[in-house]
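Asks: Have a look at this one.
The values are calculated or read from the model by the stated rules, or taken from the named source; none is laboratory data. Predicted, not measured: the structure shown is a model, and the values here were computed from it. As a convention, Cβ positions derive from the backbone with ideal geometry for all residues, glycine included, and neighbour counts pool all protein chains shown. Keep in mind that these areas ignore ligands, DNA and RNA; they rest on the heavy atoms of the full protein, side chains included. Shrake-Rupley method; radii C 1.70, N 1.55, O 1.52, S 1.80 Å.
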Amino acid sequence: QVQLVESGGGLVQAGGSLRLSCAASGRTFSSYPMGWFRQAPGKERESVAVISWSGGNTYYADSVKGRFTISRDNAKNTVYLQMNSLKPEDTAVYYCAQGRHFGVPFIGDYWGQGTQVTVSS
């Protein structure tokens, strides 16, 4: 199985930036699409960004498009989420996930533990 560990969350002021990292262990990381999700208290889980196994295709939620960038480094078994121009409504626990197919909706088979992102106003 695949194990995913997120890092990089924290507290940042509105307008600031954070870069989240998701380190993966397992045999098949480089062959599968990866995605970032977020969930705020009282809200449903939201797909934020998805990237194909090669990095050639990406998807972004309308709420983050133009501000967030997903990328991956298969040699390092790591996927990233660069978050710029952060807004208070971006506050949530962010999870990375590995799925089987690139698409919308993206279905994750393996999940990390999550990392908290808090954006103050």
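Asks: What is the percent carbon and sulfur in the accessible area of the chain, measuring with a 1.4 Å probe over the protein chains and ignoring ligands?
Replies: Numbers: 2920 of 6390 Å².
Here carbon and sulfur together make up 46 percent of the probe-accessible area.
Asks: Please give the charge dipole size of the chain, origin at the Cα centre, charges +1 on K and R Cβ atoms and -1 on D and E Cβ atoms. Round to the nearest 20 debye.
Replies: On the way: 11 positive and 8 negative charges, 36 e Å.
The calculated dipole for the chain is roughly 180 debye.
Asks: Per residue, how much accessible surface does the chain expose to a 1.4 Å probe? Answer in Å², no decimals.
Replies: Details: 6390 Å² over 121 residues.
Per residue, the chain has an accessible area of 53 Å².
Asks: Consider all pairwise Cα distances in the stretch 12-65 and report the whole-number % of them above 15 Å.
Replies: Numbers: 887 of 1431 pairs.
Distances greater than 15 Å cover 62 percent of the Cα pairs.
Asks: Tally Lys and Arg at +1 and Asp and Glu at -1 over the other residues with C-beta under 13 Å from the C-beta of residue 58: what net charge comes out? Provide the component values of the computation, followed by the final result.
Replies: Working: positive: 65, 72; negative: none.
Summing Lys and Arg as +1 and Asp and Glu as -1 gives +2.
Asks: What is the distance, in nm, between label points placed 7 Å from the Cα along the Cα-to-Cβ direction at residue 5 and at residue 30?
Replies: Rounded to a tenth, the inter-label distance reads 2.1 nm.
Asks: Going through the stretch 16-121, which GluC sites (Glu not before Pro) have at most 12 other Cβ atoms within 10 Å and a DSSP loop state?
Replies: Working: sites: 44, 46, 89; in loops: 44.
Loop-located and lightly packed - 44.
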